[in-house]
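Structure first, then comments.
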Amino acid sequence: MTGTRIEVNPFKRQWAAIREDVVSAVERVGENANYVLGPEGLAFERAFAERQERRFAAGCGNGLDAIEIALRALAISAGDRVLTTPFSAFATTLAIIRAGGVPVFVDVDQNGAIDLEQAAECLAADPGIRYCVPVHLYGNPLNPAKLHDLKRRYSLSIVEDCSQAVGATFSGDPVGSASSIAAYSFYPTKNLGALGDAGAITTDDETLACRCRALRDYGQSAKYRHDRLGMNSRLDEIHAAILNDAVLPRLDEWLSRRREIAQRYIGAISHPEVKTLALPAEAWAAWHLFPVRVSGQKREQFLCYLGEEGIRASVHYPVLIPDQAALKDWAGGSTPANLNEAGRLASEEVSLPIHPFLEDEEIDRVCRTINRWNT
Ligand SMILES: *Cc1c(COP(=O)(O)O)cnc(C)c1O
C-alpha cells in the first residue's frame, strides 16, 4: 500500500469546512426554542423548491418516507402495480410496498438506468399499471421528455426518486420536473447530505403539497384534525437549519468538484477492462457515485486489488431488488421477466471514490492504480 487510505466519504474534512455554519445554525434553533415544523423548515422548503425550480417542497424524515408519502398523496391503493427498477437502493421498492403498491420490474440500460423503451412496452401490454417510480441512478438524469411522454400516453402518476440526483439536469431541466411529486434523500452520503437522516418532496401542485404535509404529520390537516392515516416523518428544525445554512449554499461548489473529479477519471482511466459509462450529451450528471464496469468476472479481484492499494471502493448494487431475501416469500410480486442487463451490472459495477473533499492527488492515485492493474 502506498500512502494513506483513500476514503469513499471523507466526512471529517467536510466537517472542518462546515463546522462554523453548523454550530451557528444549531445555536439559532436552540435560542428560538422551536424544534419541529417551525420557521427553519419553512425557510429550507422555500430555498429547496426554488433550487429545484418547483413551486413547493415539503421536508420529511428521509428518502424512503419521501417516496411513500408521494405515492400515498397520489392516492395509491392497496394492490396497485408500480413500474420500477430492479437496480437501485432497496428503499425504492420498500417505499412502494409500504405504500401498498406491488412493484413491477423492468430491465435497465447499460448505464443502470431503468430502460424507458421496455417500460413503454410493459405499460402498453398492461394498461392497468398507473404508477411509476423511476430512479436517477448514480446521479445520471433520465430524459424528462421521455418520462413526460410515458405519463401522457399511459395516464401514469410518476414519482421520480431523485435521492442520488440533486443537482443533475437534462437539457438544463433539474430532475424532478417530469413527476407529479419528486422524492429526495438527504442521507449524509448524498449530494445534499445532512448530518443524519432527512428528506423532502417537491411538486408544482398545491393540493399534493398539502397532502404531503399532512401525511408526514399523522395525517393532520389542522391541529387535531386527522383526515388521513399519516405517519410521523417530519424534518426537524435543527436539520432544516443545518441544510439551509451549511449545506445548500455549498451545493454548487461541491457539484462542480464532483464534476471535476469525474472528468479526471474519464480522461485518465485507460485500463481495457475498466469501463466508464457513456452518458447522453444532454445529461448533466450530479455524480453522486462514479460507477465503472469491470467485465469478465474480475470484479472481486479488482476490489481486492484496490483494497490492498489503500483505495476504498464500493458496489452499487451487488444484488437485484427482486432477488433480496426480504422479498423471497412476498406474495405480491410479479416474477420479473428479463432483467439481464441489471444482472450483468450487479456483477460488474464498482463505484470509485468521488466525494468533493477528495484531493486531486488522491484521484490521480486512483487512476494510476487502476491503470497498472495486472489482470
Ligand atoms: C438513499 C436512497 C434512498 C433512501 O433514502 P434514505 O434517506 O436513506 O431513506 C432511496 N432511493 C435511492 C435511489 C437512494 O439512493
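Taking the criterion of being within 13 Å of the ligand (Cβ to nearest atom), open to solvent by less than 20 Å² (accessible area, probe 1.4 Å) and either charged (D, E, K, R) or at pLDDT below 95 (or both), would at least one residue in the stretch 159-171 satisfy it? The answer is yes; a qualifying residue exists.
Inside the stretch 258-311, residues that are within 15 Å of I363 (Cα to Cα) and among the charged types (D, E, K, R) make up a count of 5. Quick one: which residue in A119, A145 is away from the ligand (no atom under 16 Å from the Cβ), assigned to a helix (DSSP H, G or I) and crowded, with 24+ Cβ neighbours inside 10 Å? Going through A119, A145 in turn, just one is away from the ligand (no atom under 16 Å from the Cβ), assigned to a helix (DSSP H, G or I) and crowded, with 24+ Cβ neighbours inside 10 Å: A119. Residues in the stretch 222-272 that are under 24 Å from Q14 (Cβ atoms) and small (G, A, S): 5 in all.
Tell me, which strands (runs of 3 or more DSSP E) lie completely within the stretch 178-243 with 1 or more residues that are within 16 Å of the ligand (Cβ to nearest atom) and open to solvent by less than 40 Å² (accessible area, probe 1.4 Å)?
Numbers: elements: 181-185, 199-203, 220-222.
The strands (runs of 3 or more DSSP E) meeting that bar are 181-185, 199-203.
Within the stretch 62-77, residues that are within 8 Å of A95 (Cβ to Cβ) have Cβ atoms under 6 Å from residues that are more than 7 Å from the ligand (Cβ to nearest atom) and basic (K, R) in these pairs: E68/R98, counting only partners at least 6 apart in sequence or on another chain.
Can you list the strands (runs of 3 or more DSSP E) found entirely within the stretch 35-111 that contain at least 3 residues being of a type in the set (A, V, I, L, M, F, W, C), open to solvent by less than 30 Å² (accessible area, probe 1.4 Å) and under 30 Å from A246 (Cα atoms)? Outline the logic, then answer.
Details: elements: 56-60, 81-84, 102-105.
Of the strands (runs of 3 or more DSSP E) lying wholly inside the stretch 35-111, those with at least 3 residues that are of a type in the set (A, V, I, L, M, F, W, C), open to solvent by less than 30 Å² (accessible area, probe 1.4 Å) and under 30 Å from A246 (Cα atoms) span 56-60.
Only residues that are in contact (Cβ under 8 Å) with a residue 60 or more places away in the chain and at positive phi: list them for the stretch 12-39, please. Result: L37, single match. Considering the stretch 122-142, and only residues there that are in a helix (DSSP H, G or I) and within 16 Å of the ligand (Cβ to nearest atom), the residue that is nearest to N340 (Cα to Cα) turns out to be L137.
Checking each residue in the stretch 47-68 for being away from the ligand (no atom under 15 Å from the Cβ) and polar (S, T, N, Q) picks out only Q52.
Taking the numbered list (1) in a loop (DSSP other than H, G, I, E, B); (2) open to solvent by less than 40 Å² (accessible area, probe 1.4 Å) in turn, S155 passes all entries but (2).
The values are calculated or read from the model by the stated rules, or taken from the named source; none is laboratory data. Note that the coordinates shown come from a computational prediction; the quantities given were computed from them, not determined experimentally. Don't worry about glycine lacking a Cβ; one is built from the backbone with ideal geometry, like all the others, and counts go over all protein chains shown. Accessible surface areas use protein heavy atoms only, side chains included; no ligands, DNA or RNA. Shrake-Rupley method; radii C 1.70, N 1.55, O 1.52, S 1.80 Å.
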